[in-house]
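Before any comments, here is the structure.
The values are calculated or read from the model by the stated rules, or taken from the named source; none is laboratory data. No experiment lies behind these values; they were computed from the predicted model shown. Counting neighbours? That spans all protein chains shown, and the Cβs are built from the backbone with ideal geometry, glycine included. All accessible areas refer to the heavy atoms of the entire protein, side chains included, with ligands and DNA or RNA removed. Shrake-Rupley method; radii C 1.70, N 1.55, O 1.52, S 1.80 Å.
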Amino acid sequence: MTDDTVPRRQFLLGAGLAGTALAAGLAEPAQAQQPKPEAAAAQPAPEEPFVTLTAPEAAFIVAAVDTLIPADELSPSGSECGCAVFIDRQLGSAWGGGAKMYRGGPYLKGKPEQGYQLALTPREYFSAGIAAANAWTRKTHGKDFDRLDAPDRVTALKAMEEGKAQFENFDARAFFAQLHGITMAGFFADPVYGGNRDKVGWKLLGFPGLPATYADKIDTYRDKRYVAEPQSIADFS
């Protein structure tokens, strides 16, 4: 979520460029590399059952990702791009269960740059965060988050982002940061993980996909625009 003077899609685009295309060393600066946006070509979202999210949690996540990434001329909505499925699969994975995550304490209040400092697994953290968010929107708007109209959802997420939402015994700003981060991951990660459906995030960036596939072209196309159909892990399996 950003201020109205910075469209949300531009914020997502900038974040994705920093995390993918530029990091791969294949892309020109954003201004030169960004292809002309293609018309949103959404394919009907397949019916995929959620593996770990409960019905209320799934409703929250779908509403949140659709608010962060609304359908427009650049792409389908966040849920149509698979972001909700990606989040569900991640939270249902070993990572979501806290595998290899030290959670033995002590749990002291730290600085933001010190990162996550709670005993909760990612799955538990999102469950608690969603419950706290819905309790807050019921208190302030009279409804669960997913039942709010679109403008009120934007207002609610902005309040969380700016730390103005007062969750009970939970950090609303930190929760928004985690929600925003995992939504971006779902929009730009390899489609094999359930998000970035039809490689829509990569097409938006002009990112060609698996960097190693294009290693032999780096010298030829250095400082030149290289346009190719993005390739996913699934394309090589």
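For (1) under 22 Å from Q166 (Cα atoms); (2) in contact (Cβ under 8 Å) with a residue 12 or more places away in the chain, each residue gets a yes or a no:
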position	(1), (2)
D72	no, yes
V85	no, yes
Q90	no, yes
A99	no, no
G105	no, yes
S127	yes, yes
I130	yes, yes
K143	yes, no
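Spot the failing condition for L204; the list is (1) open to solvent by 50 Å² or more (accessible area, probe 1.4 Å); (2) at pLDDT below 95; (3) out of contact with any helix residue (DSSP H, G or I) (no Cβ under 6 Å at 6 or more places or on another chain), and only one is missed.
Of the numbered conditions (1) open to solvent by 50 Å² or more (accessible area, probe 1.4 Å); (2) at pLDDT below 95; (3) out of contact with any helix residue (DSSP H, G or I) (no Cβ under 6 Å at 6 or more places or on another chain), the odd one out for L204 is (1).
So which residues in the range 113-126 are at pLDDT 85 or above and either in a helix (DSSP H, G or I) or surrounded by fewer than 10 Cβ atoms within 10 Å (Cβ to Cβ) (or both), if there are any at all? Write out each step before concluding.
So the first thing to find is which residues in the range 113-126 are at pLDDT 85 or above, and the list is 119-126.
Within the range 113-126, P122, R123, E124, Y125, F126 meet the criteria.
Of everything in the range 207-234, what is closer than 19 Å to D190 by Cβ, of a type in the set (A, V, I, L, M) and either open to solvent by less than 20 Å² (accessible area, probe 1.4 Å) or touching a residue at least 24 places away in the same chain (Cβ under 8 Å) (or both)? Give them in sequence order.
The answer is L210, I233, A234.
How many of the residues making up the range 157-166 are free of Cβ contacts under 8 Å to residues at least 40 places away in the same chain and open to solvent by 20 Å² or more (accessible area, probe 1.4 Å)?
Residues in the range 157-166 being free of Cβ contacts under 8 Å to residues at least 40 places away in the same chain and open to solvent by 20 Å² or more (accessible area, probe 1.4 Å): 4 in total.
Quickly run through the range 76-112 and pick out the residues that are in a helix (DSSP H, G or I) and either among the hydrophobic types (A, V, I, L, M, F, W, C) or more than 24 Å from A189 (Cα to Cα) (or both).
Those that are in a helix (DSSP H, G or I) and either among the hydrophobic types (A, V, I, L, M, F, W, C) or more than 24 Å from A189 (Cα to Cα) (or both): C83, A84, V85, F86, I87, L91, P112.
I need the full set of residues from the range 140-156 which are under 14 Å from I130 (Cα atoms) and either surrounded by 17 or more Cβ atoms within 10 Å (Cβ to Cβ) or of a type in the set (A, V, I, L, M) (or both), in order please.
Residues satisfying the conditions are D144, F145, D146, R153, A156.
Does K164 qualify as being modelled with pLDDT of 95 or more and among the basic types (K, R)? Before the answer, list the steps.
Numbers: modelled with pLDDT of 95 or more: yes; among the basic types (K, R): yes.
Answer is yes for this residue.
Just to be sure before I move on: is A177 closer than 29 Å to A64 by Cβ, hydrophobic (A, V, I, L, M, F, W, C) and surrounded by 21 or more Cβ atoms within 10 Å (Cβ to Cβ) in the structure I sent?
The answer is no for A177.
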